[in-house]
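Just below is one structure, and these are the notes that go with it.
The values are calculated or read from the model by the stated rules, or taken from the named source; none is laboratory data. Just so we're clear, the structure is a prediction, and the values are computed from it rather than from any experiment. Cβ: placed from backbone, ideal geometry, glycine included. Neighbour counts: every protein chain shown. Heavy atoms of the whole protein, side chains included, go into the accessibility calculation; ligands, DNA and RNA do not. Shrake-Rupley method; radii C 1.70, N 1.55, O 1.52, S 1.80 Å.
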Amino acid sequence: MSPVPSLMRSRRYLSDRDVWHAAVVSVVALVLSGGLVFVGYLAHVWRVAWRSPRQVPWPMVVLVFGQRLEGGEPGEDFRQRLAAALELARSARAERLLLLGGFSGGQVSEAAAGHRWLLLHGLPPDMPVQLEHESTDSLENLRHARRLLSAGDPAHRLPPVALLTSRYHLARCRWLAHRLGFDGQPLAAEPRLRLTPRLLRLLVLESAYLMWIDLGMRWAGLVGHRRMAARIG
């Protein structure tokens, strides 16, 4: 995603009543629980990051989540995701690859940059690959993936998919995939979870984000707020 659309999207969120509604619900829950509700989400994000496998039980459609490019090229986390996808392709554990990610700066999309990296590193020529260039975040990644996999037919049954991304990102992707009707299995890019200050910071941020969207959707369902509930679906 380019800097300008990112800024525009941030401004749109800040002016969105449903976003603030969900934020208020989260803050109230946080205060009333004395912070325990956040601890619960943090434990969940940690557990998913720790336990998620690196292999699939049978050949599956693999959704590879993109990440903001660095100078038009995949950064370290994105390269780890691509390397894991390459390993699955070489071992015939990927039925096909669906690379997700729009324009995050420059003239090439995350998906296209990822595909180029895979080709340069020996992607088997017979591996089917689809590119999704339109998304700007994980929710849009999955919405567009759903459209591609269903061939535009909402009644079409979605195949089981592997959600391949960084360990800290897996809990959010799994939650969103379930909300959008996927049978999605989290698949870790890294061989193991390594505790670093950066990882701890990312786990905290992901936990806060998941708390916000999950509590917001639960509240919307409880009070019958249809517009808010439809935001993720």
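Quick look at the numbers
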| item | result |
| --- | --- |
| Unique match (being under 22 Å from Arg143 (Cβ atoms) and surrounded by fewer than 18 Cβ atoms within 10 Å (Cβ to Cβ)) among Arg226, Arg201, Arg194 | Arg226 |
| Some residue of region 97-113 being among the aromatic types (Phe, Trp, Tyr) and not in a strand (DSSP E or B) | no |
| Boolean, Leu148 is touching a Phe, Trp or Tyr at 6+ places or on another chain (Cβ under 8 Å) and either over 19 Å from His44 (Cβ atoms) or modelled with pLDDT under 95 (or both) | no |
| Within region 1-52, helices (runs of 4 or more DSSP H) holding 1 or more residues that are at pLDDT below 95 and either charged (D, E, K, R) or over 17 Å from the mean Cα position of the chain (by Cα) (or both) | 3-14, 17-32 |
| Lone qualifier among Leu187, Leu203, Leu148 - being without any contact (Cβ under 8 Å) to a residue 60 or more places away in the chain and not basic (Lys, Arg) | Leu148 |
| Yes/no for Ala83 being within 20 Å of Glu190 (Cα to Cα), surrounded by 21 or more Cβ atoms within 10 Å (Cβ to Cβ) and either of a type in the set (Val, Ile, Thr) or at pLDDT 95 or above (or both) | no |
| Only one of Ala151, Ala94, Ala113, Ala89 that is within 30 Å of Val204 (Cβ to Cβ) and among the small types (Gly, Ala, Ser) | Ala113 |
| Number of positions in region 112-139 that are farther than 13 Å from Gly72 by Cβ, small (Gly, Ala, Ser) and touching a strand residue (DSSP E or B) at 6+ places or on another chain (Cβ under 9 Å) | 2 |
| Only one of Leu149, Leu142, Leu123, Leu100 that is touching a Ser or Thr at 6+ places or on another chain (Cβ under 7 Å) and open to solvent by less than 30 Å² (accessible area, probe 1.4 Å) | Leu100 |
| When residues of region 126-135 are limited to those that are at pLDDT below 95 and surrounded by fewer than 18 Cβ atoms within 10 Å (Cβ to Cβ), the one farthest from Met60 (Cα to Cα) | Glu134 |
